[in-house]
Every structure is written in structure tokens, then in C-alpha cells.
Amino acid sequence: MSNEEDRLHTHIWRALQILLPDDVVAWSNENRRNGQREGARRKARGCIAGVPDMQFTHAGRTLYVEIKTPTGSVSKEQRALHKRLKSTGAPVAVCRCLDDVIGFLSREGISLRGEVMA
């Protein structure tokens with residue numbers, strides 16, 4: 001994850017803390033690559049590659065968001081896991097800005113507390 005992606009992820013998370021209603025449980029996943037040794041430890045614990053950056057649980061459903069900068073690309077592992085998640089009926093979106101996240105959540109039936117003004 002690049003510094004630019006970190007800043008975008010943080011910006012989106014901070015806004016969502018204000019916008020998400022109380023009936024949505026959301027969290028962010030730490031997906032940093034920390035070397036072979038840590039990778040092996042995570043794999044042994046059941047961690048898998050490609051897990052989306054954010055998860056939202058609402059009304060018995062889980063939605064997934066992958067955050068990418070405007071020029072960032074989705075990895076092979078991410079594409080494969082997104083496909084598997086979608087095959088289970090779980091909504092997955094790649095979002096490149098806060099508006100993308102808000103649009104995705106709205107399309108999936110989550111009413112936010114307010115609007116973001118540009």
C-alpha cells in the first residue's frame with residue numbers, strides 16, 4: 001500500500017465515521033506486506049491474500065470495498081478473491097474516492113447520516 005493510498009484510505013475512513021448510521025458495523029483491514037516470515041505466520045493463522053480494505057455489515061449482509069488511488073491497480077490475488085466473494089452474493093466494489101464509496105453503499109441500501117459537500 002502506497003503512502004498516497006494510505007492517505008486516501010484514512011480520509012475515507014474518517015468521513016465514514018461521521019456518515020455511517022449506527023446500524024452499520026464497519027472496519028478496516030490491515031493488508032500490509034511485512035516480509036516472508038510475517039506472511040507465513042498470517043497464512044498459518046488462516047489469513048488469505050486479496051482481502052478487501054473495508055468491510056461493512058448491515059441488515060445481515062456484508063459488503064466489501066477495495067480502496068485504490070486513481071492510478072492504483074487491483075492485484076491478481078484481489079481480483080480472484082473479489083470474484084469468489086461476488087459468487088457468494090456479497091457485493092464488492094473497487095473505490096477510488098469517497099464519492100465512490102458513498103455511491104456503492106447507497107446503491108446497496110445504506111442510508112448515510114448526511115451528505116459530503118465539495
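The values are calculated or read from the model by the stated rules, or taken from the named source; none is laboratory data. Worth saying up front: this structure is predicted, and the values here are computed from it rather than measured. Because the Cβ atoms are built from the backbone with ideal geometry, glycine has one as well, and the counts that use them run over all protein chains shown. Side chains are part of the model used for accessible areas, which takes the heavy atoms of the whole protein and leaves out ligands, DNA and RNA. Shrake-Rupley method; radii C 1.70, N 1.55, O 1.52, S 1.80 Å.
List of remarks:
- Split the chain at each of the GluC sites (Glu not before Pro) in a DSSP loop with at most 11 other beta carbon atoms within 10 Å, and the longest piece is 31-114.
- Unit charges at the beta carbon, dipole of the chain: most positive-side option, G35, G89, L112: G35
- The charge dipole of the range 17-118, taken about its Cα centre with unit charges on the Cβ atoms of Lys, Arg (+1), Asp and Glu (-1) only, comes to about 780 debye.
- DSSP loop trypsin sites (Lys or Arg not before Pro) with at most 14 other Cβ within 10 Å: longest gap in the chain: 46-112
- Solvent-accessible area of C97 with every protein chain in place, 1.4 Å probe, in Å² to the nearest 10: 50 Å²
- In straight-distance terms, cross-link reach from K83 covers every one of the aspartates and glutamates whose alpha-carbon lies under 13 Å from its own, apart from those fewer than eight places away in the same chain; here that gives E66.
- Computed from Cα atoms, the angle from the helix 3-19 axis to the main principal axis of the chain rounds to 40 degrees.
- Accessible area per residue, Å², the chain with all protein chains present, probe 1.4 Å: 64 Å²
- Accessible-area composition of the chain, carbon plus sulfur, in percent [1.4 Å probe]: 50 percent
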